[in-house]
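Structure first, then comments.
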Amino acid sequence: MFVPCGTAARRDFKGFTLLMPSVSVGNVGQLVIDLVISTLDMPKVGYFYTDCLVPMVGNNPYATAEENSTELSINAEVYSLPSKKLVVLQIRSPFIKNKYRSFCQTVLSWVKSSKCARVILLSSSHAYQRDDQQLHGTPLRYLLSPTIQKTVGDQMQKLNWKEMEKVAAYPEINNAEKVLHIPGGGITKLLFTERILLSMSFSFVLKKKNWVEHQPAYSHFKKTTNCSKEIPMAVLLKFCSEGDNIPDALALVNYLNEWLQLIKNEQSSSTTTTASHWKIPSSWRLLFGSGLPPALF
C-alpha cells in the first residue's frame, strides 16, 4: 500500500512513467534506480507499506550534507519528478518467501489506481545461463508488452536494440517450443507475463502454481479479456554476474537514457552518456564495506 509523506505529496500520477527495479542478480536494477534518483535529485513523496519485503531501516542513501544525512529510509520508497512525468519505486531489501505474487498484485493495483501511463522494470539475468544466440552482440535486452509495443516499437528499432530471445523449453529434446527464460531475474518474468491477470486480481485462476495454463477457464479468460486493461510495461535488463556491478548499472542506466533522455550529454553528440554524467550516491562509498582497519597492519 502506497503511503504519501509530506503535505505536498500526491496520490495521483496520471500520465507518469513508473521506474522500478527487480531484486535480481547483482542488484543491477536497484543500482540504476539509485543513479536516477541521485542524478535528478528526486524528492521522496511516499513509501510502500508492505509485509512482502524483509524489514529494514537506514540513513538517507542520497545524503548531500550533514543536515539531511540523518533522515531515515526504509525498504520500499517512492520518489517523483513532475517536470519529467517520472515516478520511481526503489526496493532495498529482498522478498519474504512466497510473497512475490502478493507484492506484484499490490504494485500493479497501485499503478492502476494512481493512473501511471506505463511501467519500466529494470532487471538483470545470469550471464552464465545464456544460450548460443544470446552470446552474440550486446548483453543488453528489452521486452515490450503488446500495448506499449504499438507506441514505442518503432523507436526501439531505430535505437537498434535487441529484444530478449525466447529459448527452447526442452533443449535438445524439443527445440520447437520456445519460452521466456530470465534466470536470476527475480519477479521480472512473473510481473511481465502475468500483468493482465495480476492487475485484475483474477484470484481464482491464481490459486495454484502451474494450474491456470491447463484450465478451460484460463483460456476463456485470455480470449475475452480486453487488452486495453493490460498495464503497458517494458523490461530493460542486462546479462551479468555477481561481483562489482557498478559497471553493469552504468551500462543499463545509459541504455535507459537512450530511450527516455533523462539527462543529455552536452559535451558530445553521442547518444551514450558517460559515467561522469551520473551522480554517484553518497551511500555507494560503503557498497563493499568500510575497508580494512589500519590496526591490522
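The values are calculated or read from the model by the stated rules, or taken from the named source; none is laboratory data. These numbers were taken from a predicted model, which means no experiment stands behind them. No Cβ is skipped: glycine too gets one built from the backbone with ideal geometry, and neighbour counts run over all protein chains shown. To get the accessible areas, we keep the full protein, side chains included, count just its heavy atoms, and leave off ligands, DNA and RNA. Shrake-Rupley method; radii C 1.70, N 1.55, O 1.52, S 1.80 Å.
When only alpha-carbon atoms count, how far does region 30-111 stretch along each of its three principal axes, as whole angstroms with the largest first?
Principal-axis extents of the Cα atoms in region 30-111, largest first: 39, 28, 19 Å.
Stretched out fully, how many nm does the piece from E71 to I280 gain, at 0.36 nm a residue minus the Cα gap? Walk me through the numbers on the way to the answer.
On the way: separation 209, 0.36 × 209 = 75.24 nm, distance 1.84 nm.
Extra length from E71 to I280 when fully extended: 73.4 nm.
Compute the Kirkwood hydrodynamic radius of region 19-68, taking the inverse of the mean of 1/r over all pairs of distinct Cα atoms, and give it in Å to one decimal.
Working: mean 1/r = 0.0780 Å⁻¹.
One decimal place: 12.8 Å for the Kirkwood radius.
Just to confirm, what accessible area per residue do you get for region 61-130 at 1.4 Å probe, in whole Å²?
Values: 3160 Å² over 70 residues.
On a per-residue basis, 45 Å².
Quick one: net charge around G46, please, counting Lys, Arg +1 and Asp, Glu -1 for every other residue with C-beta under 13 Å from its C-beta. It would help to have the intermediate numbers written out before the result.
On the way: positive: R10, R11, K44; negative: D12, E77.
Taking every Cβ under 13 Å from that of G46, the sum is +1.
How much net charge surrounds E258 when only other residues with a Cβ under 12 Å from its Cβ are counted (Lys, Arg +1; Asp, Glu -1)?
Values: positive: K158, K264; negative: none.
Summing Lys and Arg as +1 and Asp and Glu as -1 gives +2.
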